[in-house]
1. Using alpha-carbon positions, what is the distance between the centroids of region 39-61 and region 97-114, in Å?
2. Within 12 Å, Cβ to Cβ, of Val71, how many net charges do the neighbouring residues add up to if Lys/Arg are +1 and Asp/Glu are -1?
3. Take the Cα of Ser60, step 7 Å along the line toward its Cβ, and report every residue of region 79-102 whose backbone nitrogen sits under 20 Å from that point.
4. Using all Cα-Cα distances in region 68-145, what percent lands in each 5 angstrom bin from 0 up to the longest?
Amino acid sequence: MSNNVSSLTNVSRSGVLDDSSATSMVQRVLPALIRLFDETGLVQERAPYVLAHLVIDNESLQKAACAADAVEKLSIFIRDANGTTSIRLKENALFAIAALSQSEDNCRMRVVEAGLVPFMAAALSSEEASIREAACQCFRSLSRSVKLLRSALSDVDLATPLIAVRMKGRIFV
């Protein structure tokens with residue numbers, strides 16, 4: 001099923017279908033894709049990446065994914081206190097959060113309400129460059145909201161880890 005969802009996502013993004021056909025198809029695929037977060041192994045690891053690829057630059061799909069509780073389900077992988085989430089899954093979950101919160105303030109608020117900001121800030125200090133990059137992308141998306149900049153993002157010390165990441169030349173955002 002995951003290959004089918006990934007293939008449908010690629011068809012949708014390719015521009016081959018007209019807008020109404022693509023929208024109809026994606027609205028059917030989106031819930032199935034979010035259910036794949038509950039699977040295990042490679043399917044679970046890849047599902048957030050496919051979601052990010054599907055919703056990037058599409059505000060209506062970002063809204064639909066947020067309404068389907070994608071943020072809450074992704075937060076499980078980002079908040080993992082036991083360290084059982086793989087690096088790739090955490091990276092893909094962070095990139096999916098960045099894609100979901102790219103344009104829509106309601107999605108950004110869901111990210112804040114899910115309590116992800118401190119975990120994203122901690123990810124800026126990860127040993128894994130891919131995790132740091134994904135966390136930077138999350139903050140880039142969240143920072144597009146002036147309201148969040150004045151409230152939730154100002155409560156977390158982002159300057160120190162962002163400057164450390166930048167000074168080391170590891171990531172260029």
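1. Centre-to-centre distance over Cα atoms comes out at 15 Å.
2. Numbers: positive: Lys63, Lys73, Arg79, Arg108, Arg110; negative: Asp69, Glu72, Glu104, Glu113.
Summing Lys/Arg as +1 and Asp/Glu as -1 gives +1.
3. Under cut-off, by backbone N: 99-102.
4. So the P(r) values, bin by bin, are 3, 19, 32, 28, 13, 4, 1.
A short reminder: the numbers here are calculations on the coordinates, not readings from a lab. The shown structure was predicted, so the numbers you read here are calculated from the model rather than taken from an experiment. With ideal geometry, Cβ positions are generated from the backbone for all residues, glycine too; neighbour counts draw on all protein chains shown.
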